[in-house]
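First the structure, in the form of structure tokens, and then the observations on it.
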Amino acid sequence: MATPHINAESGDFAPAVIFPGDPKRARRIAEILMGDARQVTDVRGIEGFTGTVDGHPLSVMASGMGMPSAVIYATELFQVYDVQRIIRVGTAGAIPEHVQVGDVIVAVGAHTQSNMNELRLPGLHFSAVASHHLAAAAVSAAADLDATVHAGTIVCQDHFYLAGPPGQLEQLARYNVLGVDMESAGIYGAAAEFGREALTVLTVTDHLLDHSRNMNVEDRETRFQDSLKLAVAAALS
């Protein structure tokens with residue numbers, strides 16, 4: 001049953017997988033959520049864990065950074081391990097002024113300049129959208145949080161450091177594109193390919209037009225509790 005990138009056995013993964021980028025964050029999430037978590041994979045240092053939350057099976061596995069890495073793992077989880085839903089928990093840079101550092105974004109769609117999804121529907125521009133069911137569950141759970149939650153589109157970039165054309169961020173803000181990540185469009189494409197569900201829930205760690213409010217490295221690793229609560233609500237819905 002093992003794949004080139006996952007050494008779990010058949011049945012080791014729950015139907016729902018929480019999907020952070022960082023392997024350390026995956027381990028931390030598993031320890032927070034599941035007292036009975038057991039490690040099921042560790043190829044290339046990308047760890048995965050399975051246990052239960054309130055009696056419901058749940059898995060957590062890291063995706064690595066960027067769409068190429070995330071799509072490898074999402075494809076193998078969907079295709080080989082019969083995972084039904086993947087919920088990415090990650091970080092984002094905010095774009096509009098009204099989205100603040102520490103806020104949570106439920107990404108209902110992901111614009112991208114990447115061509116990763118273009119081969120899926122040759123001649124068409126693929127629309128990378130989240131599962132409505134999962135997004136609705138996450139937004140509904142937001143009523144119980146003491147946090148500001150935004151639902152809308154994000155942009156998914158291939159390059160972390162390479163800036164876009166002059167004025168692009170201001171244009172994205174005008175279109176109310178809430179933030180930037182590097183994985184969601186690819187994950188949404190993989191879910192569509194296999195008829196499965198996917199959602200991204202992001203913690204805003206920095207502001208791309210106002211750098212005075214950025215989180216430090218420690219905060220980036222630990223301030224994900226609100227987004228995690230929404231992700232779990234979606235996963236178990």
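The values are calculated or read from the model by the stated rules, or taken from the named source; none is laboratory data. These numbers come from a predicted model, not from an experiment. FYI the Cβ positions are ideal-geometry reconstructions off the backbone, even for glycines, and counts take in every protein chain you see. Protein only, heavy atoms only, side chains kept; ligands, DNA and RNA dropped before computing areas. Shrake-Rupley method; radii C 1.70, N 1.55, O 1.52, S 1.80 Å.
Residue-wise test of (1) in contact with a helix residue (DSSP H, G or I) (Cβ under 9 Å, 6 or more places away or on another chain); (2) closer than 17 Å to V99 by Cβ; (3) not in a loop (DSSP other than H, G, I, E, B).
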{"residue": "L121", "(1), (2), (3)": "no, no, no"}
{"residue": "F126", "(1), (2), (3)": "yes, no, no"}
{"residue": "V139", "(1), (2), (3)": "yes, yes, yes"}
{"residue": "A143", "(1), (2), (3)": "no, no, yes"}
{"residue": "I154", "(1), (2), (3)": "yes, yes, yes"}
{"residue": "D158", "(1), (2), (3)": "yes, no, no"}
{"residue": "P166", "(1), (2), (3)": "no, no, no"}
{"residue": "L169", "(1), (2), (3)": "no, yes, yes"}
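Can you pull out the residues in the stretch 1-41 that are among the charged types (D, E, K, R), assigned to a loop (DSSP other than H, G, I, E, B) and surrounded by 14 or more Cβ atoms within 10 Å (Cβ to Cβ)? Walk me through it before giving the result.
Of the stretch 1-41, the ones among the charged types (D, E, K, R) are 9, 12, 22, 24-25, 27-28, 31, 36, 38.
Going one step further and asking which of them are assigned to a loop (DSSP other than H, G, I, E, B), we end up with 9, 12, 22, 36.
Hits for the stretch 1-41 are D12, D22.
Please go through the stretch 102-153 and pick out each residue that is buried (at least 19 other Cβ atoms within 10 Å of the Cβ), more than 21 Å from E193 (Cα to Cα) and not acidic (D, E).
Across the stretch 102-153, the qualifying residues are V104, I105, V106, A137, A138, A141, A142, H150.
Given the condition farther than 23 Å from R223 by Cβ, surrounded by fewer than 21 Cβ atoms within 10 Å (Cβ to Cβ) and at pLDDT 95 or above, answer yes or no: does some residue in the stretch 82-97 qualify? Give the steps one after another, and end with the answer.
So the first thing to find is which residues in the stretch 82-97 are farther than 23 Å from R223 by Cβ, and the list is 82-85.
If we keep only those that are surrounded by fewer than 21 Cβ atoms within 10 Å (Cβ to Cβ) too, we end up with 82, 84.
So of that shortlist, the ones also at pLDDT 95 or above come out as 82, 84.
Among the residues of the stretch 82-97, at least one is farther than 23 Å from R223 by Cβ, surrounded by fewer than 21 Cβ atoms within 10 Å (Cβ to Cβ) and at pLDDT 95 or above, which makes the answer yes.
In the set E221, E183, which member is modelled with pLDDT of 95 or more and either closer than 27 Å to P68 by Cβ or not small (G, A, S) (or both)? Steps first, please.
Numbers: E221 fails: modelled with pLDDT of 95 or more.
So the residue among E221, E183 that is modelled with pLDDT of 95 or more and either closer than 27 Å to P68 by Cβ or not small (G, A, S) (or both) is E183.
Quick one: in the stretch 160-182, which of the residues that are among the aliphatic types (A, V, I, L, M) and over 22 Å from V106 (Cβ atoms) is least open to solvent (accessible area, probe 1.4 Å)? It would help to see each step written out before you state the result.
Quick first cut of the stretch 160-182, residues among the aliphatic types (A, V, I, L, M) only: 162-163, 169, 172-173, 177-178, 180, 182.
If we keep only those that are over 22 Å from V106 (Cβ atoms) too, we end up with 162-163.
Values: L162: 119, A163: 83 Å².
Among them, the one singled out is A163.
Here is a list of conditions, (1) at pLDDT 95 or above; (2) part of a strand (DSSP E or B), and E76 meets all of them except one; can you say which number that is?
Unmet for E76, out of (1) at pLDDT 95 or above; (2) part of a strand (DSSP E or B): (2).
If I ask for residues that are assigned to a helix (DSSP H, G or I), open to solvent by 20 Å² or more (accessible area, probe 1.4 Å) and either charged (D, E, K, R) or farther than 14 Å from A8 by Cβ (or both), which ones from the stretch 42-70 would you list?
Correct list: R44, G45, P68, S69.
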